[in-house]
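Please treat every number below as a calculation from the coordinates, not as lab data. Just so we're clear, the structure is a prediction, and the values are computed from it rather than from any experiment. When we count neighbours, we look across all protein chains shown, and the Cβ atoms used for this are built from the backbone with ideal geometry, even at glycine.
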Amino acid sequence: MDLTKKTLLDMLYYMKLTREIETRIERKLYRQGKIVGGVYVGRGQEAIAVGSTILLEKDDCICPSHRDMGAYLIRGMSPRVIFAQYMGRKTGATRGKDANMHMGDMSKNIVAFVSMLADTVPVAAGIGLSFKMRKQKQVVLCFFGDGATSRGDWHEGLNLASVQKVPAIFICNNNQYAYSTPIEKQMAVKDIAVRAQAYAMPGRTVDGNDVVAVYEATKTAIGHARLGGGPSLIECKTFRMTGHSAHDDVKYVPQHLFDEWEKKDPILRLETSLMRDKIATEEDVKRLAARIAREVDEAIALAENDPFPEPHEALEGVYADQVIKPPLSIADAFFPQRK
Ligand SMILES: Cc1ncc(C[n+]2csc(CCOP(=O)(O)OP(=O)(O)O)c2C)c(N)n1
């Protein structure tokens, strides 16, 4: 394992920052009536976005889904912009037009999540194809849930990516439920990774609550993609430690599953191994938590003071002839020579 102490500590920071931001959004701001729209969080799934996105170079690209907050943070979206986004402010990533994770920022190569599940998959295949056609070494990471892998667009996207051998890494947050549907009622296969065989690409199942396992699997897949080997699928088994969204009381999930998965908490696991390996002390972990709480307090205070958009701004930046910069449009970002 070639993971440096710095990378391990960075991963702990981003996982804890993700948890703190999402806890405030789901369990405080939402209940105070300050959130505009729905809330979908990745409580318990933090290792997946963090352990993979941390490997990217600046020019690489991500297509996150709705439980991948850590990916946005690692690519440089600030907590203040994220809180402003959730509170419908003008300073949010969509300038108050849409809420929650329906956001992107092309200046950071974050492609906005397409709400129709799995529709980001063919988009990622296209992005990968553009990298390949221009003989560039970038890769694209594309995230989705288990439910998304049962949709037609997912299969079309993987097929295209495989036939064209594009540098894409498809990462499944297999949290065992698609809203209230348990996985065994949704698909006949046991492991989503086997679906890769249909597209002749490598498919691996890893422990999604082990950030090091996610990191290692993604590293291999990125290396394969950068060498022209084409796409890979990584299934990260995990569990959604909360409702589908903040309004969901999650009564359909048996309590024993929460009890079992609580013991496998990815943040606790990383903290325990860092302390065991003497990379961090208990004091360091406490200090980090306090620093994150302060950063989040500050970001919320700033975002709460940000203005809401004016009615006349509702259509600004919606149509191609009104593109406001930043963020860049997809065409500008990937085909700058066309300008
Ligand atoms: C095509 C489509 N159908 C239904 C929805 C509504 N919806 C949003 S998230 C979700 C559950 C998705 O499950 P999964 O892909 O496993 O991801 P998870 O929410 O578990 O992370 C549903 C049904 C949608 N956005 N798009």
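Dividing the C-alpha radius of gyration of the stretch 1-136 by 2.2 N^0.38 Å, with N its residue count, gives 1.08. Computed 3J(HN,Hα) for the stretch 120-136, one whole-Hz value per residue from the Karplus formula 6.51 cos²θ - 1.76 cosθ + 1.60 where θ = phi - 60°, is 6, 5, x, 5, 5, 4, x, 5, x, 5, 5, 4, 5, 5, 8, 6, 9, glycine and proline marked x. When the chain is treated as a GNM with alpha-carbon contacts under 10 Å, the residue of Ala280, Ala303, Ala221 showing the greatest mean-square fluctuation is Ala280. Checking Cβ-Cβ separations below 4.7 Å across the chain identifies Cys61, Cys172, Cys236 as cysteines lacking any candidate disulfide partner.
Looking only at the stretch 94-118, which residues have a backbone nitrogen under 16 Å from a spot 7 Å from the Cα of Glu316 in the C-beta direction? Zone members listed by number: 94-98. Dividing the alpha-carbon radius of gyration of the stretch 173-281 by the rule-of-thumb value 2.2 N^0.38 Å gives 1.26. Here the Gaussian network model covers the chain, with springs between Cα atoms less than 10 Å apart; of Arg151, Arg27, Arg226, Arg27 fluctuates the most. With n ≥ 4 as the cut-off for DSSP H runs, can you work out [θ] at 222 nm for the chain, using -39500 (n - 2.57) per run divided by the number of residues, rounded to the nearest 500? Counting only the DSSP helices, I get -12000 deg cm²/dmol.
Given axes a ≥ b ≥ c from the Cα gyration tensor, I'd like to know whether the stretch 102-202 is rounded (a/c under 1.5), prolate (a/b larger than b/c) or oblate.
Numbers: a/c = 2.51, a/b = 1.43, b/c = 1.75.
Oblate, since a/c reaches 1.5 and b/c is not below a/b.
State to the nearest 20 debye the size of the charge dipole of the chain about its Cα centre, where the only charges are +1 on K and R beta carbons and -1 on D and E beta carbons.
Working: 46 positive and 43 negative charges, 123 e Å.
That gives the chain a dipole magnitude of about 600 debye.
Here the relative contact order of the stretch 5-307, from alpha carbon pairs under 8 Å that lie six or more residues apart, stands at 22 percent.
Near Phe144, once Lys and Arg are set to +1 and Asp and Glu to -1 for all other residues with Cβ below 13 Å from its Cβ, the sum equals -2. For the options Thr94, Thr149, Thr281, a Gaussian network treatment of the chain with springs between C-alpha atoms closer than 10 Å singles out Thr281 as fluctuating the most.
Hey, what's the per residue convex hull volume over the C-alpha atoms of the chain, in cubic angstrom? Each step should come with its number before you reach the end.
Details: hull volume 45.4 nm³, N = 339.
Per-residue hull volume (Cα only) is 134 Å³.
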